[in-house]
Amino acid sequence: MTGWDLHATAEVCIGGFWTVTRSQVYRELAALAKRGLIAEGDVGVRAQKPFTITAGGRAAFAHWIDREPGEANIRHPLLLTMAFAEHLEPGRLAAILVAHRRRHAETLAEYLAQRAASAENAVFDLATLDFGIRYEQATLDWFDALPAEMSSE
């Protein structure tokens, strides 16, 4: 796959819970190639260069995936804004909350549509998707439980 292909695949597979930028993909591809974990193919159309995982890369992946995952790191920009909301103009927090609630409702609808279209035998994908559905529903419940003065400034 090319860096472009890898980024697009990552967006589909893990984009709902893990952010990967194009620049990060290309930076990592260079590092992986330098370590011999992937092999660079010949430059193709539009200067796209495909990469293939090597035997060493497969072994490194097997080692990586078998490790104990680290703790979750919560970085929620909306909560940061809310922590300093007293410095916002009147009504601004309410507008921000409306926009964020709408996006979470849209994401939940997308996840539910994906769930309805999923093959029942994709147990790992469905477990990940179920987390996303529950997260979005919990987030919407949180929006609904906010004090009225926050959403009507």
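The values are calculated or read from the model by the stated rules, or taken from the named source; none is laboratory data. Only a predicted model underlies this, so the values are computations on that prediction, with no experimental measurement involved. Glycine gets a Cβ as well: all are built from the backbone with ideal geometry, and neighbour counts include every protein chain shown. Protein only, heavy atoms only, side chains kept; ligands, DNA and RNA dropped before computing areas. Shrake-Rupley method; radii C 1.70, N 1.55, O 1.52, S 1.80 Å.
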ALA85 in contact with a Ser or Thr (Cβ under 8 Å, 6 or more places away or on another chain), surrounded by 10 or more Cβ atoms within 10 Å (Cβ to Cβ) and small (Gly, Ala, Ser): no
Odd one out for ALA59, checked against (1) surrounded by 10 or more Cβ atoms within 10 Å (Cβ to Cβ); (2) not in a helix (DSSP H, G or I): (2)
Could you grab me the full set of residues in region 36-50 that are surrounded by 12 or more Cβ atoms within 10 Å (Cβ to Cβ) and basic (Lys, Arg)? LYS49
Considering only region 129-152, state which residues are of a type in the set (Ser, Thr, Tyr) and not in a helix (DSSP H, G or I). SER152
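Have a look at ALA72, ALA109, ALA62, ALA113 and point out the one that is small (Gly, Ala, Ser), closer than 30 Å to ALA138 by Cβ and at pLDDT 95 or above.
Values: ALA72 fails: at pLDDT 95 or above; ALA62 fails: closer than 30 Å to ALA138 by Cβ; ALA113 fails: at pLDDT 95 or above.
Going through ALA72, ALA109, ALA62, ALA113 in turn, just one is small (Gly, Ala, Ser), closer than 30 Å to ALA138 by Cβ and at pLDDT 95 or above: ALA109.
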Based on this model, can you work out whether ARG103 counts as at pLDDT 95 or above and in a helix (DSSP H, G or I)? yes
Note down all Cβ pairs under 6 Å where the first residue falls in region 87-111 and is charged (D, E, K, R), the second is surrounded by 15 or more Cβ atoms within 10 Å (Cβ to Cβ), and they're at least six residues apart or on different chains. ARG101/PHE143
For residues that are part of a helix (DSSP H, G or I) and open to solvent by less than 60 Å² (accessible area, probe 1.4 Å), scanning just region 7-23, find the one that is farthest from ALA122 (Cα to Cα). HIS7
Could you list, in sequence order, the residues of region 127-152 that are within 25 Å of PRO90 (Cβ to Cβ) and surrounded by fewer than 15 Cβ atoms within 10 Å (Cβ to Cβ)? TRP142, ASP144, ALA145, LEU146, PRO147, ALA148, GLU149, MET150, SER152
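Going by the structure shown, is ILE53 touching a Phe, Trp or Tyr at 6+ places or on another chain (Cβ under 6 Å), hydrophobic (A, V, I, L, M, F, W, C), open to solvent by less than 90 Å² (accessible area, probe 1.4 Å) and modelled with pLDDT of 90 or more? Show your work before the answer.
Values: touching a Phe, Trp or Tyr at 6+ places or on another chain (Cβ under 6 Å): no; hydrophobic (A, V, I, L, M, F, W, C): yes; open to solvent by less than 90 Å² (accessible area, probe 1.4 Å): yes; modelled with pLDDT of 90 or more: yes.
Criteria not met by ILE53.
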Restricting attention to region 97-126, the residues that are farther than 30 Å from ALA85 by Cβ, under 18 Å from the mean Cα position of the chain (by Cα), open to solvent by 80 Å² or more (accessible area, probe 1.4 Å) and not polar (S, T, N, Q) number exactly 4
